[in-house]
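Below is one structure, written out as structure tokens; the observations come after it.
The values are calculated or read from the model by the stated rules, or taken from the named source; none is laboratory data. The model shown is predicted, which means the values in this text are computed figures rather than measured ones. Cβ coordinates were reconstructed from backbone atoms using ideal geometry, including for glycine residues, and neighbour counts include every protein chain displayed.
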Amino acid sequence: MVLAAAPMMIGALKMVHTLSIWLLVAAFLGAGLFNVIGTPATKSDFARWGYPRWWNILTGGLEMTSAVLIALPVSRILGLALGAVIIAAGVLTVLRHRDFSHLAPLGVFVALIAFAATST
């Protein structure tokens, strides 16, 4: 019975991997659009953290680039690496400024990147 369940487990893991990839693509695309649009709250956060006025646009562009790279299997590793650098910078920024309310979403990104990278 255990041997019969093995193919089902492999299929389930592949499905979870695929789902994590597409969740990551959607998350980076959404975060990128949000940062590029630059709501007043977003601009205020970036200014409070000491970044230039245009930094949210650069960050959003890099996030959307990461989403595209992750979506394409040939460039997925590069996209995951870029995404990891973006999220690491975000984590360091919010820790440095003790803005802990931003850690939960960043933690979701970390978990998705870790899962996607270990199963790629």
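Tabulated values for the structure
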quantity	calculated
Any hit, region 69-87, residues being under 15 Å from ALA116 (Cβ atoms) and of a type in the set (D, E, K, R)	yes
Enumeration of residues in region 65-86 that are surrounded by 14 or more Cβ atoms within 10 Å (Cβ to Cβ) and either in contact with a strand residue (DSSP E or B) (Cβ under 9 Å, 6 or more places away or on another chain) or β-branched (Val, Ile, Thr) (or both)	THR65, VAL68, ILE70, ILE77, ILE86
Residue that is nearest to the chain's Cα centre (by Cα) [pool: residues in region 63-81 that are without any contact (Cβ under 8 Å) to a residue 24 or more places away in the chain and more than 11 Å from PHE28 (Cα to Cα)]	ALA81
Of all residues in region 104-120 being touching a Leu at 6+ places or on another chain (Cβ under 8 Å) and of a type outside the set (Ser, Thr, Tyr), the one that is nearest to LEU82 (Cα to Cα)	ILE113
Counted residues, region 87-99 - those being assigned to a helix (DSSP H, G or I) and surrounded by fewer than 19 Cβ atoms within 10 Å (Cβ to Cβ)	8
Considering residues of region 82-120 that are among the polar types (S, T, N, Q) and under 23 Å from ALA71 (Cβ atoms) only, the residue modelled with the highest pLDDT	THR118
Residue in region 38-58 that is among the aromatic types (Phe, Trp, Tyr), surrounded by 13 or more Cβ atoms within 10 Å (Cβ to Cβ), within 12 Å of the chain's Cα centre (by Cα) and part of a helix (DSSP H, G or I) present	no
Subset tally (residues that are small (Gly, Ala, Ser) and either outside any helix (DSSP H, G or I) or within 19 Å of GLY61 (Cα to Cα) (or both)) for region 100-120	1
